[in-house]
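Participant: The structure is given below, and queries will be raised subsequently.
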């Protein structure tokens, strides 16, 4: 049985009423035997969750989105596997805030595979583990295959919806991040700054008040809270 | 490793490298036909590929005369290359001066023979049931290609076929992702504009969105363009509030 056939089998078996794309994280946890897995969409203007499953994954994906740092972005940037075998020892330099929070939560090692087909790249699959060490050759190969399957599911699904639409799994992630874009606009108007700076201010405020980025955005959008002018 | 084996391996590696993103497919076509003449005991090579409408085109040839013979086959819809493309199988022409060959492809065999060729081998560019075209090997000699040469030519053709399919898939994926990016960009900017106007005018997000929509409708503008102008600070928000 080829690797692809085996993993497609797992994907089908693990599909619990969700879409195939929604089951990718569950299948990744089963196939690689990791604690958790998360799938994130990364584009220039928008980053959003696609699915997560198992321990640490929801927290890890939220933290990466909130802090704007972590292995997903690096896998996307480098177009290759990003692996950290001991987060407490070597993650700190790359992603200080993310590494600290994940280490406190019990994550020891992690790996991110880019979602890409040829030159088109659009996200990352991250695997979270509470054990030390590198992934085995088999695990790395499985990880690449799962990332590849996820990439093809996104492209195939997206090719079928209209030009102005997005597939349901991405739509759901966008809706979750909507308050962040709204709050970004509010901070832009309030402080007279651009979108990137406004998002950075939001991230800082979220980190400073121990909130996720979405919670901070909700606080501003729904609670009418304003950021301090001097930052 | 003999020097020939080294040459074959080097060519295979080079062709496989083109699977990696960011290469020029057209360049690979020329590399393929030139490698065939370097490595195999043949004199010239040509490559024809089918387009999305099912029409064959000559995409590379090692000489002008080979190019013309390829074109002749397409124009007259006859020849070993056409047969290899249609059948998905390797076609050995046999000696071009033979009467059997003359009867099978009258125009092609005469033209190729006049150009000094003795025989042609046509190799389909095929992956499973998908035939993309044919790789054509021209020889001055009339003897058929050796088994070894045939195997090497097949390996070259296979890798080149995968490269072409990969390039097409990449192109398709890029188009889809570009559309996804645009769809998301538009929605991001609309959400930002909603927040911007809500904050500026101290109104709810719903009310803000209603103002933006109304402004777009009254001025016959696209909602996304109005939103873009708002967040780019080139549209006075007061204009929306007054409206």
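Participant: At 0.36 nm per residue, and after removing the present C-alpha to C-alpha distance, how many nm does the segment from residue B:100 to residue B:229 gain when stretched out fully?
Facilitator: Numbers: separation 129, 0.36 × 129 = 46.44 nm, distance 7.37 nm.
Extra length available between residue B:100 and residue B:229 comes to 39.1 nm.
Participant: Can you tell me the orientation of helix A:3-13 relative to chain A, as the angle in degrees between its alpha-carbon axis and the longest Cα principal axis, to the nearest 10?
Facilitator: On a 0 to 90 degree scale, this one is about 70.
Participant: Still on this model: Can you put A:25, A:51 in order of Cβ neighbours within 10 angstrom, beginning with the fewest?
Facilitator: Working: A:25 29, A:51 25.
Listing A:25, A:51 from fewest to most nearby Cβ atoms yields A:51, A:25.
Participant: Run the helix sum for chain B: -39,500 (n - 2.57) per DSSP H stretch of 4+ residues, divided by residue count, reported at 222 nm to the nearest 500 deg cm²/dmol.
Facilitator: Values: 10 runs with 150 residues, N = 243.
Calculated mean residue ellipticity at 222 nm is -20000 deg cm²/dmol.
Participant: Could you rank the peptides A:140-151, B:124-135 by their average count of other C-beta atoms within 10 Å per residue, with the highest value first? Present the calculation step by step, with values, prior to reporting the outcome.
Facilitator: Details: A:140-151: 20.7, B:124-135: 18.9.
Listed from highest to lowest mean packing, they are A:140-151, B:124-135.
Participant: What is the fewest-to-most order of A:103, A:184, A:2 by other Cβ atoms lying within 10 Å of their Cβ?
Facilitator: Numbers: A:103 16, A:184 27, A:2 8.
Arranged by neighbour count, lowest to highest, A:103, A:184, A:2 become A:2, A:103, A:184.
Participant: Looking only at other chains, what is the average number of their beta-carbon atoms within 10 angstrom of each beta-carbon in A:185-198?
Facilitator: Numbers: counts 18, 10, 4, 9, 13, 4, 1, 1, 0, 3, 6, 0, 0, 4.
Per residue, the average neighbour count from other chains is 5.
Participant: Give me the angle, in degrees from 0 to 90, between the Cα long axis of helix B:3-17 and the longest principal axis of the Cα atoms of chain B, rounded to the nearest 10.
Facilitator: The two axes meet at around 20 degrees.
Participant: How large is the direction-averaged shadow of the alpha-carbon convex hull of segment A:73-162, in nm²?
Facilitator: Over all viewing directions, segment A:73-162 projects a mean Cα-hull area of 6.6 nm².
Participant: Just subtract the alpha-carbon distance of residue B:25 and residue B:175 from 0.36 nm times their residue separation and send over the number in nm, one decimal.
Facilitator: Details: separation 150, 0.36 × 150 = 54.00 nm, distance 1.76 nm.
Stretched out fully, the residue B:25 to residue B:175 stretch lengthens by 52.2 nm.
Participant: Turning to a different aspect of this structure: Output needed: percent of Cα pairs per 10 Å distance bin for segment B:174-242, bins running from 0 to the one holding the longest distance.
Facilitator: 22, 52, 19, 7, 0
Participant: Moving to a separate point now. What is the spin-label model distance, in nm, from residue B:107 to residue B:154 if the labels are put 7 Å beyond Cα along the C-beta direction?
Facilitator: Roughly 3.2 nm, to one decimal.
Participant: So, one more: Give me the angle, in degrees from 0 to 90, between the Cα long axis of helix A:137-160 and the longest principal axis of the Cα atoms of chain A, rounded to the nearest 10.
Facilitator: Roughly 60 degrees between the two axes.
Participant: Full-extension gain between residue B:3 and residue B:92, please, as 0.36 nm times their residue separation minus the C-alpha to C-alpha distance.
Facilitator: Values: separation 89, 0.36 × 89 = 32.04 nm, distance 2.71 nm.
Taking residue B:3 through residue B:92 to full extension adds about 29.3 nm, to one decimal.
Participant: Additional query: I'd like the mean, over residues of A:223-229, of how many other protein chain beta carbons sit within 10 Å of each residue's own Cβ. List each step's numbers first, then the result.
Facilitator: Values: counts 0, 4, 0, 1, 0, 0, 0.
Taking all residues of A:223-229 together, the mean is 1.
Participant: Hey, another quick one. When Cβ neighbours within 10 Å are restricted to other protein chains, what is their mean count per residue of peptide B:166-179? Walk me through the numbers on the way to the answer.
Facilitator: Details: counts 2, 2, 1, 5, 5, 3, 5, 14, 6, 3, 12, 12, 2, 8.
Mean shielding count: 6.
Participant: Return the single residue from A:129, A:15, A:47 with maximal mean-square fluctuation; model: Gaussian network over chain A, springs between Cα atoms under 10 Å.
Facilitator: Residue with maximal mean-square fluctuation among A:129, A:15, A:47: A:15.
Participant: Exposure proxy check: B:194, A:44 ranked by fewest other beta carbons within 10 Å? Mind dumping the intermediate values first?
Facilitator: Details: B:194 27, A:44 9.
Going from sparsest to densest Cβ surroundings: A:44, B:194.
Participant: Also, I was wondering about something else. Identify which of B:63, B:208, B:35 has the largest mean-square fluctuation in a Gaussian network model of chain B, with springs joining Cα atoms closer than 10 Å.
Facilitator: Highest fluctuation among the options: B:208.
Participant: Choose one answer from B:154, B:181, B:199: the residue with the largest mean-square fluctuation in a GNM of chain B with alpha-carbon springs under 10 Å.
Facilitator: B:199
Taken together, the values in this text are just the output of simple stated rules run on the coordinates, not laboratory data. Fair warning: this is a prediction, and the values are worked out from it, not measured in the lab. All Cβ positions, glycine included, derive from the backbone under ideal geometry; neighbour counts span all protein chains shown.
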